[in-house]
Structures are given as C-alpha cells and as structure tokens.
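Shown next, in structure tokens, is the structure this report addresses.
The values are calculated or read from the model by the stated rules, or taken from the named source; none is laboratory data. The shown structure was predicted, so the numbers you read here are calculated from the model rather than taken from an experiment. Here the Cβ positions follow ideal geometry from the backbone for every residue, glycine too, while neighbour counts run over all protein chains shown. The area values use the complete protein model at the heavy-atom level, side chains included, leaving out ligands, DNA and RNA. Shrake-Rupley method; radii C 1.70, N 1.55, O 1.52, S 1.80 Å.
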Amino acid sequence: MNDWLESEKGGLDAVGLDLRGADFSRADLSESWFTGAALSGVRLVECELYRSDAEGANFDQSDLTGSSLVRVNLDEATLRGANLDRVNLVKASLYGVDASRARCRGTRFMGSSLLDVDFRGADLGEALFEGNSFSVKLDEETVLRGARGSVFGPVELVEGNVSRELAGNRLWEWLQGRGANLRVIERR
C-alpha cells in the first residue's frame, strides 16, 4: 500500500473504491478523491487530507486521530463511531453528516459548515468551535464537557422519540448545564 501511495502525485483517486480496513497512517493524501468510497475501519492517523473530497464516503469506525481535514468536503458522509480526536476541521463542509457516537475530543471546528450533522451520542469534550454554522442534532448522551468557543444555533435536541429546537439563551443554558463553555451567537 505504501508504494502505491508514494507513486501517487497530486492526490489519490479512490472514488467509489472499497478500502475497508486499510492503514494510511501519516500519509499525505492532500487533494485526494474519496467520493463514495468505503473507508469503514480505515486507519488515517495523523494524515494530511487538505482539500480532499470525501462526499458520501463511509468512515464508520475509522481512526482519524490527529489528522488535518482542512477544507475537506465531507457532505453526506458517515462517521458513525469514528475517532476524530484532535482533528483539524478548519473550513470543512459537513452537510448531512452522520457522526453519531463519534469521538471528537479536542477537535478543532473552525469556520466549518456543520449543517444537519447528527452528533447524538458523540463525545465533543474539549472541542473548539469558532465561526461555524451549527445546525446539529444532539441528545442527552452527547458529551460537551470542556467544549469551548462559539456557535450559531439552533440545535435539534432529541429526547427519546421527541425532538425540540433550542436556540439563543435556552441553547446557552443547556450547553452550560452539560459543562460546555460555548457562547451562542444570535443570527440577525
């Protein structure tokens, strides 16, 4: 696998490929194409994925610890149970992403589009949020202790079979009650 990676210049073309279980740790995969790829269980520890496209890719149970996903397109991807601890998600696009039960401890969400993202049961402890759209699903199992920065609302809070929208002061109070230090910025 390493010989293949080293021979690829200008990014890896893995559109629609089945790469389940592969180990790409510490690889430079900048400007790669993973659109629709099967990447469940893949190790992408400390990888560089700058400007890669992973729209619709399946990263379920993958390990992306410490990777750089700056300007990555993850629209409609699945990250269920994935490890995204200390990942750099700066100016990334996460529209319609299922990140339920994902680990995002210390992850940096900065200037990213977090629209219709499912973070139910996810661990967002110590995560940094700055300048993101933040229209996400959360539940009582979502860990937010130590999360800091600022978010735009609203969020959808799911409690059993019932969901309700939280915004403004009600969202701020709920986040504070979960141990987060997040400012809620009102939309004008």
| note | At the level of C-alpha centres, the distance separating the range 11-35 and the range 107-137, in angstrom, is 24 Å
| task | Calculate how many DSSP beta bridges within the chain are antiparallel, expressed in % of all such bridges and rounded to the nearest 5. | result | 10 percent
| field | Surface share of carbon and sulfur [accessible, 1.4 angstrom probe, percent] for the chain | value | 43 percent
| message | Mean-square fluctuation check for the chain, GNM, Cα pairs under 10 Å: which of 27, 77, 54 is largest? | response | 27
| said: Please give the charge dipole size of the chain, origin at the Cα centre, charges +1 on K and R Cβ atoms and -1 on D and E Cβ atoms. Round to the nearest 20 debye. | reply: 800 debye
| field | Length-normalised contact order for the range 84-185 - Cα pairs under 8 Å, 6+ apart - percent | value | 20 percent
| Overall form of the range 29-136 per C-alpha gyration tensor (a/c, 1.5; a/b vs b/c) | rounded
| task | Restrict the search to the range 81-155; then list the GluC sites (Glu not before Pro) that DSSP places in a loop and that have at most 11 other Cβ atoms within 10 Å of their Cβ. | result | 140
| task | Note down the nm distance, to one decimal, between modelled labels 7 Å out along Cα→Cβ at residue 13 and at residue 145. | result | 4.9 nm
| request: Note the angle between two axes, namely the Cα long axis of helix 168-177 and the longest principal axis of the Cα atoms of the chain, as a number of degrees from 0 to 90, rounded to the nearest 10. | output: 80 degrees
| message | Tell me the per residue accessible area of the chain using a 1.4 Å probe; a whole number in Å² is fine. | response | 47 Å²
| field | For the range 37-51, 3J(HN,Hα) per residue [Karplus equation, 6.51 cos²θ - 1.76 cosθ + 1.60, θ = phi - 60°, Hz, x = Gly/Pro] | value | 6, 8, 10, 5, x, 6, 9, 10, 5, 6, 8, 9, 10, 3, 6
| Over the range 1-157, what is the relative contact order in whole percent, taking alpha-carbon pairs under 8 Å and six or more residues apart? | 13 percent
| field | Among 89-99, 164-174, the order from most to least packed when residues are scored by Cβ within 10 Å on average | value | 89-99, 164-174
| field | Sites residue 25 and residue 130, calculated FRET efficiency, Cβ-Cβ separation with R0 25 Å, nearest 0.05 | value | 0.35
